[in-house]
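Colleague: I have a structure here, written as structure tokens, and I will follow up with some questions on it.
The values are calculated or read from the model by the stated rules, or taken from the named source; none is laboratory data. What you see is a predicted model; the values in this text were computed from it and never measured. Methodologically, a virtual Cβ is constructed for each residue, glycine included, from the backbone with ideal geometry; neighbour enumeration extends over all protein chains shown. Accessible surface is based on the protein model in full, side chains and every heavy atom, while ligands, DNA and RNA are left aside. Shrake-Rupley method; radii C 1.70, N 1.55, O 1.52, S 1.80 Å.
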Number of protein chains: 2
Amino acid sequence: MTEKAKTSPVHPRKVRDVKQWDLETDVAIVGFGGAGGCAAIEAADNGAEVIIFELASASGGSTALSSAEIYMGGSGGTRVQQACGFEDDTEDMYNYMMASAGPQADAAKIRNYCEQSAAHFQWLVDLGVPFKDSFHAQRAIMALTDDCLLYTGSEKAWPFVEQAKPCPRGHNLEVEGDNGGPLFMKIITDNVASRANIAVHYETRALTLIIDEDDRVVGLVIRQNQQELNIRARGGVLLCAGGFVMNEEMLHKYAPMLTQGTQPIGNPGDTGSGILMGMAAGGAAINMHEGFVSLPFYPPASLTYGIAITDRGQRFVNEDVYHGRLGAFALRQLSQRLYLVVSVEDYGDYETMSYLGAPVAATGDSVAELEAELGLRADSLAHTVALYNEDCAAGKDTLFHKSAEWLKPLEPPLVALDITPGRGVFVPYFTLGGLDTLPTGEVVNAQREVVPGLYAAGRTACGIVRRAEGYSSGMSVGDATFSGRLAGRQIATAGA
Amino acid sequence: MTEKAKTSPVHPRKVRDVKQWDLETDVAIVGFGGAGGCAAIEAADNGAEVIIFELASASGGSTALSSAEIYMGGSGGTRVQQACGFEDDTEDMYNYMMASAGPQADAAKIRNYCEQSAAHFQWLVDLGVPFKDSFHAQRAIMALTDDCLLYTGSEKAWPFVEQAKPCPRGHNLEVEGDNGGPLFMKIITDNVASRANIAVHYETRALTLIIDEDDRVVGLVIRQNQQELNIRARGGVLLCAGGFVMNEEMLHKYAPMLTQGTQPIGNPGDTGSGILMGMAAGGAAINMHEGFVSLPFYPPASLTYGIAITDRGQRFVNEDVYHGRLGAFALRQLSQRLYLVVSVEDYGDYETMSYLGAPVAATGDSVAELEAELGLRADSLAHTVALYNEDCAAGKDTLFHKSAEWLKPLEPPLVALDITPGRGVFVPYFTLGGLDTLPTGEVVNAQREVVPGLYAAGRTACGIVRRAEGYSSGMSVGDATFSGRLAGRQIATAGA
């Protein structure tokens, strides 16, 4: 077994076993998604020589597959926020993000992010990322127009609305349809290409890190054209290789909750290889049990007028929350079935607009009929609806604090969608655990001591986003691009 | 920062930096609790020379502080199970433990445990551990008599009752009162003392592991009488240093759920030092987010006739489950208050018998009065009680599947206990994450490759017990003693 351990490709190679350096650079970056691309630009603009090693034959990573909404605000507001009449206070953004991240929040990272977020917006604009000065008022997962600003989280929903003044912070690129990701990565890739001090090696697999006798990371081993090459990285190695949502074994071991999801969100390279390499070099992996998981029950926004219930006919969350928060609480219910009950009137465009894929479990001309058809205990759902409708009439959800904006009595005919994970409904998921880092991107060990020469950003690191129950769309691309920049700058300037 | 990293005591010392070996042995064990003690005995009985290093001035660890109930069965039953008329099938035990551990179950470990558990009982008996052939029928957290066998989990509760034939498997030592732990550790300590090939060094702190140039663990550094000594361990080092419940920083980082608990269960040495040492030497830590957490709402057993509700007046779990399972589901509710509602008649001996410490939130001569006094929405609790009482009359809990044995209509006068964590109630907790090991106790890295020379057992390892929601009393001491034995045997025989 010792033999096997020694020959594993993930174990760091010792510098004494390196016969020659095949390539040298200041900064070696593994992965050319949003994090790796922004890191390269920032490192290069700070005078460093950079090489990006990308497994695929093109840049993109999971950022290119996403909508590339970016969560930004604070400092009085980005240009778009201000143009749309929103003044965003840094403290409100901080309080919202801290509440979102929960007890495992990294206050230093969130503080840093909120304080520099408006400047990050400007940095992206300067790279050529287009944002229109317009507000998308409709409740949506993403803007399908070229409008920019929208609410992408639970800012207006209880309990967050009591903790911080709501403000929309999702910034959508100026492009029609769900095409933000490809456009964003094209702009980043063009910026990388235009910088003489960045080289990109595609179709190149990072095999393992190289450490010296003091355990400093001094380079990495790559495989290219069936050859193993030793890369010396004078400043350090930055891992931007994504999360581990495509690694089933790791999901079972670290994030069992996510095994209830149906659709991993990410690119095929999200196998956790960067996290594993970092761990093997002494980095600590944290928050590994958490992930984004969701029941994307809107659009159409009108489904928000419905109620989500267990098979006891009980509600369990205010339904005006972000879809990931509803998904997170859905997974916690000790219930064999979950339903979304809505008036047929508000079912509306469900069949053409929805991503949810939830089958219709029952319809009824009365609550009692629906209850019977769902096989629920008599007077369970009926009672829930009776109280809910009373509350709607009074304009105040006494039980779950759904905002008045979304309170409307449930009037038959009614429809119940089966939103039980595992029964046809679409449950997207991805991981939120990774290497523990300082805000600078320096990877730390379990005692939070820096692992010299090792950096991580994007989903290979554990960033500002920690839980599905507090997630807002745009936090991941925001975190990836911002953390990439900081890490790139840190490596470029640390040795100076 | 490099300098700080290099001087940290947890980083493995490299053998090249060891000027001399101050002591040599076959097996070095860190920690003299249940795991360390049983490991030492087994290693010694397999011919190895053993040294135990214990931080405290006496043996005991968390096992001595516990009730030392031991979860055992299978193979047709232990002597006690058989004497009490229970035939325990290994498959039933396996199915129950697999369901308990959930998606993160380690099937190999649980299989091994269930198959060898009855033999483990005999091994303990042979060491002199006394078990009386008697059954303690009352629902209890622990037997306060010298009776042995009791139900200590959720075996008879839904959904487990549908997954495996219930059988009591908690084995209490033959001693009056809650005194199993001290007696158990006295017997183990006497057994250790009677073996010439085991030495024990008390008041000795393990500082770090020593690794050779191939990253094999070859010894450890200890501090004793203000001196650092290098210990060579020819066979390997076994970490039995407990969990990390006393390390607040680690709790926040790895197990945020547990920060809702009020009382850490463990000894002051449960600082995670063993886990951190193992991680620094390449071991993977898994299941770090999970822990035992509980609302110990019985005794008196009669409180099981009550219902647990949220501040919406809704039940959320069948109340005949183990107290840890109720606690785990309590923590998942999106509720600002949680109550246990019971008839005054069944409140009974609460004030003298209970560990719960939950203050009385309200009393009422009617449900409506209780509801109003608790500030619940009108007709929320009233409706819940109405359905529940109907179900009790019919002998079938249609909503939460509480067993008929515990169904009795809630008749006023009623009392509501405030069981909200953070408002006076006792919420004990401890960690269930640790180093990933093979059933042999060999520590593995994130790729599940063996870290040569490194072993872990007890709560320093991640064992058979993975979740509060599936916990049964006796699983921890069962796991600690059994995993200690296996690891001790493995080290003693691996080099042979």
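Colleague: Using a label point 7 Å beyond Cα on the Cα-Cβ vector, give me the inter-copy distances for residue A:213 in nanometres, one decimal, shortest first.
Modeller: Label point to label point, same position, other copies: 0.9 nm.
Colleague: With a cut-off of at most 13 other beta carbons within 10 Å, and DSSP calling the residue loop, which GluC sites (Glu not before Pro) in segment A:157-247 qualify? Please list them.
Modeller: A:176, A:203, A:213
Colleague: Which part of segment A:362-400 falls in the paramagnetic zone of residue A:162, meaning amide N under 16 Å from the point 7 Å along Cα-to-beta-carbon?
Modeller: A:396-400, by backbone N distance to the label point.
Colleague: For chain B, which DSSP H helices look membrane-span-like by this rule: Cα extent along the axis of 18 Å or more and mean Kyte-Doolittle of at least 0.0? Numbers along the way, then the final one.
Modeller: Details: long enough: B:107-127 (28 Å, -0.16); B:180-193 (20 Å, 0.68); B:381-394 (19 Å, 0.41); B:475-494 (27 Å, 0.21).
TM-like helix candidates: B:180-193, B:381-394, B:475-494.
Colleague: Additional query: Separation of segment A:266-313 and segment B:249-325 by C-alpha centroid, Å?
Modeller: 23
Colleague: Which of the residues in segment B:262-294 lose at least 50 Å² of accessible area when you go from the chain alone to all protein chains together (probe 1.4 Å)?
Modeller: When all protein chains are present, B:289 each give up 50 Å² or more of accessible surface.
Colleague: Binning at 10 angstrom from zero up to the longest distance, how are the C-alpha pair distances of the protein assembly as shown distributed in percent?
Modeller: Cα pair-distance distribution for the protein assembly as shown, in percent: 2, 11, 20, 22, 20, 15, 8, 2, 0.
Colleague: Averaged over every viewing direction, what's the projected area of the C-alpha convex hull for segment B:70-177? Give it in nm², one decimal, please.
Modeller: Working: hull surface 25.9 nm².
Seen from a random direction, the Cα hull of segment B:70-177 projects 6.5 nm² on average.
Colleague: Distance between Cα centroids, segment B:14-45 to segment A:418-452: provide it in whole Å.
Modeller: What the calculation gives is 36 Å, centre to centre.
Colleague: If you don't mind, another one. Check each residue of segment A:447-468 and keep those whose accessible area, probe 1.4 Å, is at least 40 Å² smaller with all protein chains in place than in the chain alone; give them in order of residue number.
Modeller: A:447, A:449, A:450
Colleague: Oh, and also: If you put +1 on each Lys and Arg Cβ and -1 on each Asp and Glu Cβ, how big is the dipole of chain B around its Cα centre, in Debye rounded to 20?
Modeller: Numbers: 38 positive and 60 negative charges, 302 e Å.
Computed about the Cα centre, the dipole is about 1440 debye.
Colleague: Can you compute the equivalent ellipsoid semi-axes for chain B, i.e. the square root of 5 times each eigenvalue of the Cα gyration tensor, sorted largest first and rounded to whole Å?
Modeller: Those come to 44, 24, 18 Å.
Colleague: What net charge is computed for the residues neighbouring residue A:466, neighbours being all others with C-beta under 9 Å from the C-beta of residue A:466, Lys and Arg scored +1, Asp and Glu -1?
Modeller: That sum, taken over residues with Cβ under 9 Å, equals -1.
Colleague: Using a 1.4 angstrom probe, figure out how much accessible area segment B:301-418 has per residue, in square angstrom, rounded to the nearest whole. List each step's numbers first, then the result.
Modeller: Working: 3990 Å² over 118 residues.
Ligands and nucleic acids excluded, the figure is 34 Å² per residue.
Colleague: Would you list which lysines come within 20 Å of residue A:402, measuring only between C-alpha atoms, while excluding same-chain residues fewer than 8 positions from it?
Modeller: Straight-line reach from residue A:402, under 20 Å: A:156, A:165.
Colleague: Still on this structure: If R₀ is 56 angstrom, what is the calculated FRET efficiency for the pair residue A:234 and residue A:263, using the beta carbon separation as r and rounding to 0.05? If you can, show how the numbers build up before the last one.
Modeller: Details: r = 41 Å, r/R0 = 0.74.
E between residue A:234 and residue A:263, to the nearest 0.05, is 0.85.
Colleague: Another one. Translational diffusion coefficient of segment B:214-350 at 25 °C, 0.890 mPa s, Stokes-Einstein with Kirkwood Rh over Cα pairs, in µm²/s as a whole number. All intermediate terms of the calculation are to be shown ahead of the outcome.
Modeller: Working: Rh = 18.3 Å.
Answer from the Stokes-Einstein relation: 134 µm²/s.
Colleague: Looking at segment B:301-418, I'd like the Rg to Rh ratio, where Rg is from alpha-carbon atoms and Rh is Kirkwood's inverse mean 1/r.
Modeller: Working: Rg = 12.9 Å, Rh = 14.1 Å.
Result: Rg/Rh = 0.92.
Colleague: Looking at segment A:135-214, which trypsin sites (Lys or Arg not before Pro) are in a loop (DSSP not H, G, I, E or B) and have at most 15 other Cβ atoms within 10 Å? Display every interim value, and only then the final one.
Modeller: Numbers: sites: A:139, A:156, A:169, A:186, A:195, A:205; in loops: A:139, A:156, A:169, A:195.
Answer in residue order: A:195.
Colleague: Let me ask something else. Please state the charge dipole magnitude for the protein assembly as shown, taken about the Cα centre, from unit charges on C-beta atoms (+1 on K and R, -1 on D and E), reported in debye and rounded to the nearest 20.
Modeller: Dipole of the protein assembly as shown, to the nearest 20 debye: 2440 debye.
Colleague: Determine, for each peptide in B:272-279, A:14-21, the mean count of other beta carbons within 10 angstrom over its residues, then list the peptides with the highest first. Numbers along the way, then the final one.
Modeller: On the way: B:272-279: 28.5, A:14-21: 11.9.
Highest-to-lowest ranking by the protection proxy: B:272-279, A:14-21.
Colleague: What gaps in nm, shortest first, separate residue B:234 from its twins in the other copies when you place the label 7 Å past Cα toward the beta carbon?
Modeller: Ordered by increasing distance: 5.0 nm.
Colleague: Quick check: from the Cα gyration tensor, does segment A:169-294 come out rounded (a/c under 1.5), prolate or oblate?
Modeller: On the way: a/c = 2.05, a/b = 1.12, b/c = 1.82.
Note, shape of segment A:169-294 comes out oblate.
Colleague: Under a plain spin-label model, where a point goes 7 Å from the Cα along Cα-to-Cβ, how far apart in nm are residue B:127 and residue A:336?
Modeller: Spacing of the two 7 Å Cα→Cβ label points: 4.3 nm.
Colleague: Shortest first, in nm, what separates the label point of residue B:177 from those of the same position in the other copies (7 Å along Cα→Cβ)?
Modeller: Spelled out, the distances from residue B:177's label point are 7.7 nm.
Colleague: Just to confirm my numbers, what's the Cα centroid distance between segment B:137-182 and segment B:336-395 in Å?
Modeller: Using only Cα atoms, the two centres lie 27 Å from each other.
Colleague: Under 5 Å between amide H atoms, partner at least 5 residues away or on a different chain: which partners does residue A:338 have, H built in plane at 1.01 Å?
Modeller: Counting only residues 5 or more places away or on other chains, the set is A:419, A:420.
Colleague: At 1.4 Å probe size, with the rest of the protein present, what percent of the exposed accessible area of chain B is carbon and sulfur atoms? Intermediate values should be presented prior to the final figure.
Modeller: Values: 8130 of 16540 Å².
After summing per-atom areas, the C and S share lands at 49 percent.
Colleague: Rounded to the nearest 500, what is the protein assembly as shown's calculated 222 nm mean residue ellipticity when only DSSP H runs of at least 4 contribute -39500 (n - 2.57) each, over all residues? Kindly include the intermediate steps, with their values, before the conclusion.
Modeller: Details: 32 runs with 308 residues, N = 992.
It comes out at -9000 deg cm²/dmol, rounded to the nearest 500.
Colleague: Quick check on the protein assembly as shown: of the DSSP beta bridges with both residues there, what percent are antiparallel, nearest 5%? Kindly include the intermediate steps, with their values, before the conclusion.
Modeller: Values: 76 of 124 bridges.
Of the beta bridges lying entirely in the protein assembly as shown, close to 60 percent run antiparallel.
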